[in-house]
Amino acid sequence: MKINFVLNGEEMQLDVAADRRAVDLLREDLCLTGTKEGCGTGECGACTILVDGHTRLSCLMLASQLAGARITTIEGLAPGPEKLHPVQQSFVEHGAVQCGFCTPGMVITTADFLARKPHASRTEMAEAISGNLCRCTGYRKILDAMEGVAEEVGLPEAPPQPVAQPDVSPIAESVVTKRAVFSPKSLAELWAIISEHPQARILAGGTDLLIWIRNRRIDPPSLISLTGIDALRGIVEDSHWLRIGAGTSHAAILGDPIVSVMFPVLAQALKTLGSPHIRRMATIGGNIVTGSPAGDTLPPLHALGAEVELSSVSGIRRLRISDFILAPGKTALTPGEILSAIFIPKMTGPTVQHFEKVGLRNAMACAVASIAAVIGVSADGTIESARLAWGSVGPTVMRIPAVETALVGRTLTRKTIENVIPLVAAGISPLDDVRASADYRRLVAGNLLLRLLRFAVPSAEMPSAGTAMEKSL
Ligand SMILES: Cc1cc2nc3c(=O)[nH]c(=O)nc-3n(C[C@H](O)[C@H](O)[C@H](O)COP(=O)(O)OP(=O)(O)OC[C@H]3O[C@@H](n4cnc5c(N)ncnc54)[C@H](O)[C@@H]3O)c2cc1C
Ligand code: FES
Ligand code: FES
């Protein structure tokens with residue numbers, strides 16, 4: 001396929017395989033080897049580039065997704081051959097480089113972050129680079145360098161208008177490649193492509209799908225990217241519901257003030273999902289359709305009583321999320337259907353909302369066990385309603401009716417929770433796997449419930465959710 005884009009300020013037209021990874025296009029076809037490939041699976045950040053002024057992991061992008069974009073790689077960051085970019089300068093001055101492998105990704109990420117938040121705290125800086133791994137310098141010097149950036153950091157300007165593309169239809173443009181990648185711009189185009197290519201796989205952020213393809217777990221004949229369909233993105237509210245387009249990124253949802261005020265349990269879960277890079281690329285729809293019991297948006301969406309909207313050329317239907325995910329990786333989507341939106345009902349009274357996840361590390365960790373709770377508590381501390389959902393302790397997200405019923409009408413105290421913990425252990429069906437034993441998960445699931453008191457009753461003394469690890473090892 002032919003694509004036009006602007007690379008480090010220079011207009012390019014290339015004829016490439018639509019499914020070639022952006023990192024390979026940059027490094028191998030264009031010899032821009034400053035962009036590194038470490039893991040190839042979104043975990044190390046070495047391949048970070050700027051696409052239209054936002055960081056993207058080029059190992060999880062396809063060449064076709066660069067069409068029309070303005071790309072900046074490390075080679076194009078400095079203002080000219082004689083002068084380093086202020087972030088590069090600071091990295092040099094603070095000795096924040098050892099082998100240098102992580103440095104291009106680290107510098108690009110820092111430049112993007114400081115351009116948006118020049119007076120960030122050290123903690124915010126650490127969070128900003130939490131998706132960029134360095135195996136040798138140590139993060140202290142990198143953070144020193146970030147703090148030491150003296151000049152205002154500017155980013156390459158966004159293009160005044162999208163880069164013009166060769167004049168071809170979304171269907172014709174890509175069928176010449178090994179694996180076709182279609183890029184419809186509207187739902188009408190999407191339905192036409194789906195009807196002609198029923199075996200095609202939907203591609204959203206690609207943070208799951210492209211890894212499965214890379215690992216040869218799946219080999220779809222073609223992909224249909226949803227990125228160009230504006231109707232699938234965005235958050236709107238009416239008097240009863242908040243509607244989140246399935247193509248909305250986790251970062252966009254996290255940045256939405258309605259979500260953080262009205263549904264903090266979802267915002268808390270999103271903060272723990274992947275890294276800032278992953279949250280900018282990945283979508284809520286992709287997380288739901290992947291249907292992993294460890295998917296971080298799923299416990300909050302179950303606890304909030306969310307519904308999903310499924311669309312196809314024949315129309316729209318709505319299902320409760322609990323009826324949508326049938327088994328690990330299996331959903332109620334029928335051929336030709338996509339997940340188009342998520343509807344979250346607005347709460348009618350005050351609620352205590354909380355999400356907590358235990359993983360093997362603090363960042364970029366899959367849940368060993370997680371809990372999302374939405375509890376209605378009256379002024380005198382009586383539990384009026386309880387919706388609790390656990391992740392990673394069964395084949396799908398689990399709610400335990402016996403626990404919820406036992407809590408309603410009681411006061412939210414340590415004793416009340418301790419009394420229902422046996423019901424938690426009996427109500428879940430965890431597995432032994434590489435991340436944890438079933439016994440450990442059972443113990444943690446109960447501890448997570450107990451730790452809710454920290455948020456409802458801040459002075460309560462709580463166990464660490466992970467203390468069970470010592471017992472299970
Ligand atoms: C480094 C790394 C860390 C991660 N950390 C976490 C984590 O902490 N927690 C977590 O929950 N996940 C994590 N993930 C997994 C992944 O990022 C999420 O599941 C993400 O939300 C998937 O969304 P996506 O847009 O990238 O989906 P894609 O990869 O594009 O698609 C995933 C699946 O959903 C289908 N699909 C996507 N959108 C639709 C739609 N609208 N309609 C129909 N089908 C659709 C695709 O066909 C595919 O089967 C991580 C991934 C990586 C690479
Ligand atoms: S190479 Fe590691 S995130 Fe892309
Ligand atoms: S400097 Fe070697 S990996 Fe960071």
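So, in segment 95-143, exactly how many residues are away from ligand 3 (no atom under 14 Å from the Cβ) and charged (D, E, K, R)?
Number satisfying all stated conditions: 6.
What's the number of the only condition in (1) farther than 26 Å from H277 by Cβ; (2) not assigned by TED's automatic domain parsing to the domain that holds L242 that V358 fails to meet?
Of the numbered conditions (1) farther than 26 Å from H277 by Cβ; (2) not assigned by TED's automatic domain parsing to the domain that holds L242, the odd one out for V358 is (1).
Please determine, by comparing only the residues of segment 256-291 that are of a type in the set (S, T, Y) and surrounded by 20 or more Cβ atoms within 10 Å (Cβ to Cβ), which one is farthest from ligand 1 (Cβ to nearest atom). Talk me through it step by step, then tell me what you get.
First, the residues of segment 256-291 that are of a type in the set (S, T, Y): 260, 272, 275, 283, 290.
So of that shortlist, the ones also surrounded by 20 or more Cβ atoms within 10 Å (Cβ to Cβ) come out as 275, 283, 290.
On the way: S275: 6, T283: 3, T290: 5 Å.
Per the criteria, the residue is S275.
State whether one or more residues within segment 373-386 are within 11 Å of D296 (Cα to Cα), aliphatic (A, V, I, L, M) and outside the structural domain of R201 (by TED's automatic domain parsing). Walk me through how you get there before you give the answer.
As a first pass, look at segment 373-386 and keep what is within 11 Å of D296 (Cα to Cα): none.
Looking through segment 373-386, none of the residues is within 11 Å of D296 (Cα to Cα), aliphatic (A, V, I, L, M) and outside the structural domain of R201 (by TED's automatic domain parsing).
Quick check on segment 73-94. Is at least one of its residues β-branched (V, I, T), within 30 Å of L223 (Cα to Cα) and out of contact with any Lys or Arg (no Cβ under 7 Å at 6 or more places or on another chain)?
Yes, segment 73-94 has at least one match.
Are any of the residues in segment 145-159 within 16 Å of ligand 2 (Cβ to nearest atom) and modelled with pLDDT of 95 or more?
Checked segment 145-159: no residue is within 16 Å of ligand 2 (Cβ to nearest atom) and modelled with pLDDT of 95 or more.
For residues that are surrounded by 19 or more Cβ atoms within 10 Å (Cβ to Cβ) and of a type in the set (A, V, I, L, M, F, W, C), tally how many sit in segment 7-20.
Qualifying residue count for the region: 4.
Can we say V92 is more than 16 Å from ligand 2 (Cβ to nearest atom), within 30 Å of E10 (Cα to Cα) and not in a helix (DSSP H, G or I)?
no
Would you kindly identify the helices (runs of 4 or more DSSP H) lying entirely within segment 258-307 that contain at least 3 residues that are closer than 15 Å to G247 by Cα, out of contact with any helix residue (DSSP H, G or I) (no Cβ under 7 Å at 6 or more places or on another chain) and more than 16 Å from ligand 2 (Cβ to nearest atom)?
Numbers: elements: 264-271, 276-281, 284-290, 298-303.
The qualifying helices (runs of 4 or more DSSP H) are 284-290.
Does segment 311-319 include one or more residues that are within 11 Å of ligand 1 (Cβ to nearest atom), among the aliphatic types (A, V, I, L, M) and in contact (Cβ under 8 Å) with a residue 24 or more places away in the chain?
Looking for residues that are within 11 Å of ligand 1 (Cβ to nearest atom), among the aliphatic types (A, V, I, L, M) and in contact (Cβ under 8 Å) with a residue 24 or more places away in the chain, one finds none in segment 311-319, hence no.
Do you know which residues across segment 24-57 are within 10 Å of ligand 2 (Cβ to nearest atom) and either over 25 Å from M364 (Cα atoms) or surrounded by fewer than 22 Cβ atoms within 10 Å (Cβ to Cβ) (or both)?
Listed by number, the residues that qualify are K36, E37, G38, C39, G40, T41, E43.
Any residue that is aliphatic (A, V, I, L, M), modelled with pLDDT of 95 or more and part of a strand (DSSP E or B) - is there at least one of those in segment 392-413?
Yes, the conditions are met somewhere in segment 392-413.
Looking only at segment 3-15, decide whether some residue is under 23 Å from C102 (Cα atoms) and either of a type in the set (A, V, I, L, M, F, W, C) or without any contact (Cβ under 8 Å) to a residue 40 or more places away in the chain (or both). Break it down into steps so the answer makes sense when it comes.
So in segment 3-15, the residues under 23 Å from C102 (Cα atoms) come out as 7-8.
Pick out the ones that are also either of a type in the set (A, V, I, L, M, F, W, C) or without any contact (Cβ under 8 Å) to a residue 40 or more places away in the chain (or both) and you get 7.
Yes, that holds for at least one residue.
Report the residue count in segment 308-326 for those that are in a strand (DSSP E or B) and either under 19 Å from P401 (Cα atoms) or of a type in the set (S, T, Y) (or both).
Step one: filter segment 308-326 for residues in a strand (DSSP E or B), giving 308-312, 315-320, 325-326.
From the residues that got through so far, the ones that are either under 19 Å from P401 (Cα atoms) or of a type in the set (S, T, Y) (or both) too are 311-312, 320, 325-326.
Total satisfying the criteria: 5.
Do we have H240 as buried (at least 21 other Cβ atoms within 10 Å of the Cβ) and either in contact (Cβ under 8 Å) with a residue 12 or more places away in the chain or in contact with a Lys or Arg (Cβ under 9 Å, 6 or more places away or on another chain) (or both) here? Steps first, please.
Details: buried (at least 21 other Cβ atoms within 10 Å of the Cβ): no; either in contact (Cβ under 8 Å) with a residue 12 or more places away in the chain or in contact with a Lys or Arg (Cβ under 9 Å, 6 or more places away or on another chain) (or both): yes.
No, not satisfied.
Taking the residues in segment 15-35 that are among the basic types (K, R) and away from ligand 1 (no atom under 16 Å from the Cβ) as candidates, determine which candidate is modelled with the highest pLDDT.
It comes out as R27.
Output the residues belonging to segment 322-339 that are buried (at least 22 other Cβ atoms within 10 Å of the Cβ) and either in contact with an Asp or Glu (Cβ under 7 Å, 6 or more places away or on another chain) or outside the structural domain of T290 (by TED's automatic domain parsing) (or both).
Residues satisfying the conditions do not exist here.
Quick one: which of V87, V107, V92 is crowded, with 24+ Cβ neighbours inside 10 Å, more than 21 Å from R279 (Cα to Cα) and modelled with pLDDT of 95 or more?
V87
Name the residue that is nearest to E147 (Cα to Cα), counting only residues in segment 58-89 that are in contact with a Phe, Trp or Tyr (Cβ under 7 Å, 6 or more places away or on another chain) and within 16 Å of ligand 2 (Cβ to nearest atom).
Here the answer is I71.
Report those strands (runs of 3 or more DSSP E) wholly inside segment 2-84 carrying at least 2 residues which are β-branched (V, I, T).
Output list reads 2-7, 48-51, 70-72.
Can you tell me which residue in segment 111-133 is nearest to S275 (Cα to Cα), limited to those that are more than 16 Å from ligand 2 (Cβ to nearest atom) and either charged (D, E, K, R) or under 20 Å from the mean Cα position of the chain (by Cα) (or both)?
First, the residues of segment 111-133 that are more than 16 Å from ligand 2 (Cβ to nearest atom): 111, 113-127.
Next cut, either charged (D, E, K, R) or under 20 Å from the mean Cα position of the chain (by Cα) (or both) only: 113, 116-117, 122, 124-127.
Working: F113: 14, R116: 17, K117: 18, R122: 17, E124: 13, M125: 13, A126: 11, E127: 8 Å.
Here the residue is E127.
The values are calculated or read from the model by the stated rules, or taken from the named source; none is laboratory data. This structure is a prediction, so every number in the text was calculated from the model and none was measured. Positions of Cβ are generated from backbone atoms using ideal geometry, with glycine treated the same way; all protein chains shown enter the neighbour counts.
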